[in-house]
Structures are given as C-alpha cells and as structure tokens.
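Asker: Below is one structure. I have some questions about it.
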Amino acid sequence: MNKTELIDKIAAGAGISKADSKKALDATVNALKEALIAGDKIQLVGLGTFSVNERPASDGINPATK
C-alpha cells in the first residue's frame, strides 16, 4: 500500500474528502516525526511501538575477501 492508496482508504472509511484525508495523514505523520525527533517513544495500540535507538556502527566483512 502506498500513500495514495492509504489516503483513499482513510477517505472512504471516514467519509471525508481525499483532500481532507491527505491533510489528516500529513498532520499525523508530522506529529509522529516531531515526537521521534524529540526523543519520545510512541505507542499505538494495535499498530506498534516506535522509537529511535542509537547503536554503534558495525564493521562489515566481505565473505569473499575477509
């Protein structure tokens, strides 16, 4: 499913126009993005948990040349 298909599904499910559903989706994504940038953890029941984790870089090894 791409963004356009998701907008169509939201519009059909909520009974609103595609323009309004696009605005709602964009506002939701921006709110999630801002929360993650701020370091918050997002928990959406039935969808998932989103958070940003800092991890050290890993060394890649080429199996052919080691």
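Quick note: the coordinates plus some simple rules give every number you see, no bench work behind them. Since the structure is predicted, the reported quantities are computational estimates derived from the model, not experimental observations. When we count neighbours, we look across all protein chains shown, and the Cβ atoms used for this are built from the backbone with ideal geometry, even at glycine.
Asker: Can you tell me which residues in region 3-33 are of a type in the set (S, T, N, Q) and more than 26 Å from VAL52 (Cβ to Cβ)?
Answerer: Result: THR4, SER17, SER21.
Asker: If I ask for residues that are part of a helix (DSSP H, G or I) and more than 13 Å from LYS3 (Cα to Cα), which ones from region 29-51 would you list?
Answerer: Initial filter on region 29-51 (part of a helix (DSSP H, G or I)): 29-37.
Residues satisfying the conditions are ASN30, ALA31, LEU32, LYS33, GLU34, ALA35, LEU36, ILE37.
Asker: Sticking with this one: Taking interchain pairs and intrachain pairs at least six residues apart, which have beta carbon atoms under 6 angstrom, with the first residue in region 37-66 and without any contact (Cβ under 8 Å) to a residue 60 or more places away in the chain and the second among the β-branched types (Val, Ile, Thr) and surrounded by 10 or more Cβ atoms within 10 Å (Cβ to Cβ)?
Answerer: Pairs found: PHE50/ILE42.
Asker: Condition test on THR28, is it out of contact with any helix residue (DSSP H, G or I) (no Cβ under 6 Å at 6 or more places or on another chain), surrounded by 10 or more Cβ atoms within 10 Å (Cβ to Cβ) and of a type in the set (S, T, N, Q)?
Answerer: On the way: out of contact with any helix residue (DSSP H, G or I) (no Cβ under 6 Å at 6 or more places or on another chain): yes; surrounded by 10 or more Cβ atoms within 10 Å (Cβ to Cβ): yes; of a type in the set (S, T, N, Q): yes.
For THR28, the condition - out of contact with any helix residue (DSSP H, G or I) (no Cβ under 6 Å at 6 or more places or on another chain), surrounded by 10 or more Cβ atoms within 10 Å (Cβ to Cβ) and of a type in the set (S, T, N, Q) - is met.
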